[in-house]
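The values are calculated or read from the model by the stated rules, or taken from the named source; none is laboratory data. Predicted model, so just to flag it, every value in this text is computed and none were measured. Here Cβ is always computed from backbone atoms with ideal geometry, including for glycine, and neighbour counts include all displayed protein chains.
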């Protein structure tokens with residue numbers, strides 16, 4: 001298994017790291033057996049369907065495929081799609097009904113930060129209402145990005161890290177495409 | 001769209017049809033709100049017209065005009081394959097008197113569209129069996145599609161978490177500062193000011 | 001052990017007589033994420049139902065008033081998000097109607113191909129989801145696999161799998177790739193094969209048929225009164241398809257049938273979608289044959305079209321035109337117009353009001369599934385609780401479109 005980690009304990013519990021072999025074992029067990037609650041609202045739901053479909057198989061191979069449509073039985077809340085103000089109390093209630101330990105994955109830009117719906121009816125990101133562990137940006141994110149997000153979450157679960165993480169693109173798509181013309185006296 | 005419809009309407013209803021036009025090929029008749037239902041009933045029942053399918057009902061806000069709200073109705077006839085648009089203007093500056101007869105008993109499908117127009121624009125439909133908000137929640141105040149409702153004024157149902165509670169910064173950068181962004185030609189609908197509108 | 005009520009008369013048995021209130025909440029596996037149905041049940045039978053939508057209201061119409069005419073395309077994509085190209089094409093046609101522009105032939109064929117691919121994706125998702133909600137998970141996976149193949153073509157053409165934003169006023173964002181026709185032919189063969197396999201699984205299954213046949217019946221006259229359009233209306237026997245009755249693009253030059261149902265029940269709506277899938281495949285193949293391999297895709301109207309980049313960087317007129325179109329938006333003539341196309345669910349209409357500037361004054365979408373979901377209450381009252389699932393699935397309510 002893993003090496004025993006010797007770290008200084010932080011005073012606040014929320015950023016604690018796994019310090020014992022038991023914690024590491026629990027982290028390992030939890031990360032490979034996530035029961036998801038698919039809180040699907042919008043277009044990202046289509047990519048969510050694709051994620052679970054045979055081509056990408058993004059959840060089954062991580063043991064995260066079993067959907068439980070009861071918050072009492074699930075531990076990973078997938079917030080897939082835009083959350084409107086009307087939907088917000090529903091989301092909060094579902095989150096509160098889930099039992100510890102629980103994690104939240106914000107699937108898509110609308111769930112992460114409201115997307116381009118900057119208006120009277122959209123909640124600008126679910127972290128305004130519930131704590132969120134991993135943000136997967138994209139409109140909608142490709143299933144590969146979501147797999148990245150899931151693996152990032154697994155990493156966090158294993159380490160007991162509760163700070164939120166964001167899935168970054170692998171490479172800057174504009175790198176090497178745009179060349180800036182520099183002035184003559186700067187070094188090239 | 002058929003211009004014959006407009007001619008028949010003008011012949012039958014005379015003064016109640018205030019104006020007609022056929023811009024971009026769409027035949028439109030602007031009628032007096034008091035004859036709204038009578039005109040609709042005629043269009044549905046007359047065998048030459050036979051507008052059996054209700055297509056769309058919405059409201060458009062023209063705050064510079066009096067009356068300010070235009071209720072727009074689109075009808076279609078599956079047998080004769082013609083369409084018509086009916087409009088009527090209601091409501092004064094403060095949205096008083098903003099009501100028109102409901103046409104739910106003529107076309108059942110109009111029910112939700114009228115609820116939506118009530119919800120988003122504020123037009124009351126007299127005689128509607130169940131006029132309540134449909135897209136917004138009941139606690140919402142105001143009618144969002146009116147031009148003087150700022151687009152980004154939210155009325156949250158759930159109090160937002162504070163940064164202290166969350167332990168990390170929650171406020172996201174606004175996309176534009178006050179001196180940035182595009183100058184929109186219309187009256188500014190945002191709470192933020194974009195320079196001089 | 002003898003039955004408990006052997007000796008009792010009917011009216012001596014004390015049964016609870018108050019109806020039970022049940023909430024099929026907005027977060028529910030079969031509610032497509034965003035509908036709440038508040039039910040009053042008497043046993044398993046639904047006495048009254050209140051369908052509450054609006055949980056995905058994203059303020060599409062208000063957002064359109066805050067940008068330019070061209071900036072509406074991403075919002076329009078996210079309306080019927082299972083067939084986004086159809087929305088793109090519908091909106092582009094609406095603005096072009098107001099500007100009185102006609103796009104070149106090659107663009108019309110291209111729009112038809114991409115639109116019908118989107119329609120295929122919509123029908124695959126709807127039928128797959130219906131099967132899944134009834135417990136048949138395998139055909140769902142097969143249909144999603146078929147949908148992935150369709151999305152491969154769309155990704156090749158537009159760059160994005162789902163929300164392409166590929167339409168532009170006066171044309172498309174890019175011209176067809178050389179691989180389009182080849183990909184279409186191969187993919188359609190593979191997709192139709194998968195559809196047949198799925199049908200073989202489902203249509204002879206006694207349980208599947210029992211749950212769909214005779215449930216959620218609506219007559220043609222009732223459907224017209226409820227303003228239903230699209231596959232749900234055609235399942236009730238009413239022959240109204242915008243592509244046939246009021247052809248736009250090149251739909252009058254291709255050969256395709258309009259499948260009609262007889263009973264207006266769930267099974268008919270299911271079968272109609274599968275039949276329409278095949279008709280869409282026919283249209284795509286014919287359009288692929290007819291579309292020219294070269295030629296302009298965008299019209300060259302300077303009021304709406306961006307100039308070529310080489311002109312923008314070298315000539316002052318190009319720069320100014322580009323600047324004005326991006327910063328102020330295409331100036332659409334003042335007035336109003338209603339333009340309608342056949343969306344995935346029926347007559348998708350756009351009512352546009354312009355005041356002559358580059359910012360829309362009002363963009364109204366006439367959502368086909370708003371009217372269809374309005375009829376859901378009528379369909380489920382009197383039916384059993386478990387009938388809601390296939391009935392609602394067969395209506396194909398897409399939250400983004402219904403709640404705009």
Hits in the stretch C:69-80 - residues which are crowded, with 24+ Cβ neighbours inside 10 Å and at the interface with another protein chain (Cβ under 10 Å from one of its Cβ atoms)
C:75, C:77, C:78, C:79, C:80
Does at least one position in the stretch B:46-56 carry a residue that is surrounded by 23 or more Cβ atoms within 10 Å (Cβ to Cβ), free of Cβ contacts under 8 Å to residues at least 40 places away in the same chain and more than 19 Å from the chain's Cα centre (by Cα)?
yes
Considering only strands (runs of 3 or more DSSP E) fully contained in the stretch A:51-167, which possess at least 2 residues that are more than 10 Å from every other protein chain (Cβ to nearest Cβ), modelled with pLDDT under 90 and touching a strand residue (DSSP E or B) at 6+ places or on another chain (Cβ under 7 Å)?
none
Could you look through the stretch C:306-317, keep only residues that are part of a loop (DSSP other than H, G, I, E, B) and in contact with a helix residue (DSSP H, G or I) (Cβ under 8 Å, 6 or more places away or on another chain), and pick out the one that is surrounded by the most Cβ atoms within 10 Å (Cβ to Cβ)?
C:306
Members of the stretch B:5-39 found to be in contact (Cβ under 8 Å) with a residue 24 or more places away in the chain, closer than 17 Å to residue B:49 by Cβ and assigned to a helix (DSSP H, G or I), listed by number:
B:5, B:6, B:8, B:9, B:12, B:13, B:36, B:37, B:38, B:39
Which residue, of C:155, C:116, is more than 10 Å from chain A (Cβ to nearest Cβ) and outside any loop (DSSP other than H, G, I, E, B)?
C:116
Return the residues of the stretch B:134-160 that are over 12 Å from residue B:122 (Cβ atoms) and either touching a residue at least 24 places away in the same chain (Cβ under 8 Å) or within 17 Å of the chain's Cα centre (by Cα) (or both); say none if nothing qualifies.
B:134, B:135, B:150, B:151, B:152, B:153
Number of the condition not met by residue C:167 [criteria: (1) in contact with a helix residue (DSSP H, G or I) (Cβ under 6 Å, 6 or more places away or on another chain); (2) under 26 Å from residue A:115 (Cβ atoms); (3) surrounded by fewer than 24 Cβ atoms within 10 Å (Cβ to Cβ); (4) away from every other protein chain (no Cβ under 14 Å)]
(3)
Just to be sure before I move on: is residue B:42 in contact with a strand residue (DSSP E or B) (Cβ under 8 Å, 6 or more places away or on another chain), in a helix (DSSP H, G or I) and either in contact (Cβ under 8 Å) with a residue 12 or more places away in the chain or within 11 Å of chain C (Cβ to nearest Cβ) (or both) in the structure I sent?
no
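Conditions tested, residue by residue: (1) within 9 Å of another protein chain (Cβ to nearest Cβ); (2) modelled with pLDDT of 90 or more; (3) touching a strand residue (DSSP E or B) at 6+ places or on another chain (Cβ under 7 Å); (4) more than 30 Å from residue B:106 (Cβ to Cβ).
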site	(1), (2), (3), (4)
B:125	no, yes, yes, no
B:131	no, yes, yes, no
B:134	yes, yes, no, no
B:143	no, yes, no, no
B:151	yes, no, no, yes
B:168	yes, no, no, yes
B:171	no, no, no, yes
B:177	no, no, no, yes
Residue pairs within 7 Å by beta carbon, gap of at least six or interchain, first lying in the stretch C:39-57 and away from every other protein chain (no Cβ under 12 Å), second outside any strand (DSSP E or B) and crowded, with 20+ Cβ neighbours inside 10 Å, listed first then second, are C:46/C:380; C:49/C:380
Could you pull out the residue among C:338, C:361 that is within 22 Å of residue C:227 (Cβ to Cβ), within 12 Å of another protein chain (Cβ to nearest Cβ) and either in contact with a strand residue (DSSP E or B) (Cβ under 7 Å, 6 or more places away or on another chain) or surrounded by fewer than 16 Cβ atoms within 10 Å (Cβ to Cβ) (or both)?
C:338
Looking at C:102, C:108, which is the one that is part of a loop (DSSP other than H, G, I, E, B), more than 15 Å from the chain's Cα centre (by Cα) and more than 10 Å from chain A (Cβ to nearest Cβ)?
C:102
In the stretch B:29-36, is there at least one residue being closer than 19 Å to residue B:89 by Cα, within 14 Å of chain C (Cβ to nearest Cβ) and touching a helix residue (DSSP H, G or I) at 6+ places or on another chain (Cβ under 9 Å)?
yes
Identify all residues within the stretch B:60-115 that are part of a helix (DSSP H, G or I) and farther than 21 Å from residue C:238 by Cβ; write none if there are none.
B:114, B:115
Count, please, the residues in the stretch C:126-138 that happen to be within 13 Å of another protein chain (Cβ to nearest Cβ) and surrounded by fewer than 24 Cβ atoms within 10 Å (Cβ to Cβ).
5
In the set C:36, C:66, which member is within 14 Å of another protein chain (Cβ to nearest Cβ) and at pLDDT below 90?
C:66
Just one listed residue, out of B:68, B:80, is surrounded by 18 or more Cβ atoms within 10 Å (Cβ to Cβ), more than 23 Å from residue C:372 (Cβ to Cβ) and modelled with pLDDT under 95, and it is B:68
Could you count how many residues in the stretch A:23-43 are within 9 Å of another protein chain (Cβ to nearest Cβ) and touching a strand residue (DSSP E or B) at 6+ places or on another chain (Cβ under 7 Å)?
5
Taking into account only those residues within the stretch C:39-56 that are part of a loop (DSSP other than H, G, I, E, B) and closer than 27 Å to residue A:68 by Cβ, which is modelled with the lowest pLDDT?
C:44
Identify all residues within the stretch C:81-94 that are farther than 25 Å from residue C:146 by Cα and either without any contact (Cβ under 8 Å) to a residue 12 or more places away in the chain or within 12 Å of chain A (Cβ to nearest Cβ) (or both); write none if there are none.
none
